[in-house]
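One structure below.
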Amino acid sequence: MPDQLAVVRGRIAAAGRDPDEVTVVAVTKGHGPEAVVAALAAGVVDVGENYAEELRRKHEAVGAGPPAPRWHFLGHVQRRKVRSIAGAVHLWQGVDRGAAGAEIAARAPGASVLVQVNVSGEAAKNGCRPDETRGLVDELRGVDLHVVGLMAMGPTGPPEAARPGFRQLVALADELGLPERSMGMSDDLEVAVQEGATMLRVGRALFGPRSPAPDLRR
């Protein structure tokens, strides 16, 4: 893991940014708790999961440290799953509906969240429409959530295809005065860094291919 992290940081630098200015969120989806331990040992404290059950199990397995991971929930927020992980999550990155935000606020008052925006227009991707972003930010603030930024996924296709959407996300974040911009993954991180990402969600480039874990995805 230290070697892989060094490669990722090198890619950030080659894209023109100081690696210390960009948070690498280690995505351990499909890997066991040992991946979390490896991330912590390499100095990465921000760890992301897409499935509530997988986050809950790894949180219990790894414990509170030190060092302790800062858990990011990256998946679509299902209201019925919020209760099981509310006490563990440091940042909710996939909030795209007011109802999901209200459930988080009920279980974790004052929680930090990112609004997920569908900048690609692909029906298969979650996220609010760009023109709905301001209203959702206001709605989430109205239930006392701490909206710290925006999140987006690049479109299916070559990395360069992500540039217009990432640029749009940064413009929206600037317009709303939000400092965090979570965008970019293993394949398109250079484009994201060049367009102003403050967080990268990196899995395969750190841990290699993942194994499906269908029993944890329900």
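The values are calculated or read from the model by the stated rules, or taken from the named source; none is laboratory data. Quantities reported herein were computed from a predicted structural model and do not represent experimental measurements. Every residue, glycine among them, receives a Cβ derived from its backbone with ideal geometry; neighbour counts consider all protein chains shown. Side chains are part of the model used for accessible areas, which takes the heavy atoms of the whole protein and leaves out ligands, DNA and RNA. Shrake-Rupley method; radii C 1.70, N 1.55, O 1.52, S 1.80 Å.
Charge dipole of the chain (Cα centre as origin; +1 on each Lys and Arg Cβ, -1 on each Asp and Glu Cβ, all else neutral): 700 debye, rounded to the nearest 20.
So what's the net charge close to D18: Lys and Arg +1, Asp and Glu -1, counting the other residues with Cβ under 15 Å from its Cβ? Once positives and negatives cancel, what remains is 0. Based on protein heavy atoms only, the range 1-87 ends up with 47 Å² per residue of surface accessible to a 1.4 Å probe.
Spin-label model, E53 to E132: label points 7 Å out along the Cα-to-beta-carbon direction sit 2.8 nm apart. Across the range 50-135, Cα-Cα distances exceeding 17 Å account for 48% of all pairs. Helical runs assigned H by DSSP (4 residues or longer) give the chain a calculated mean residue ellipticity at 222 nm of -11000 deg cm²/dmol, each run adding -39500 (n - 2.57) before division by the residue total. The protection proxy used here, the mean number of other Cβ atoms lying within 10 Å of each residue, ranks peptides 124-132, 148-156 as follows, highest first: 148-156, 124-132. Taking a Cβ cut-off of under 15 Å around L40, the surrounding Lys, Arg, Asp and Glu residues balance to a net charge of -1, with basic ones at +1 and acidic ones at -1. Rolling a 1.4 Å probe over the heavy atoms of the protein chains gives the range 140-184 an accessible area of 44 Å² per residue.
Heavy-atom surface analysis with a 1.4 Å probe gives the chain a carbon and sulfur content of 50 percent of its accessible area.
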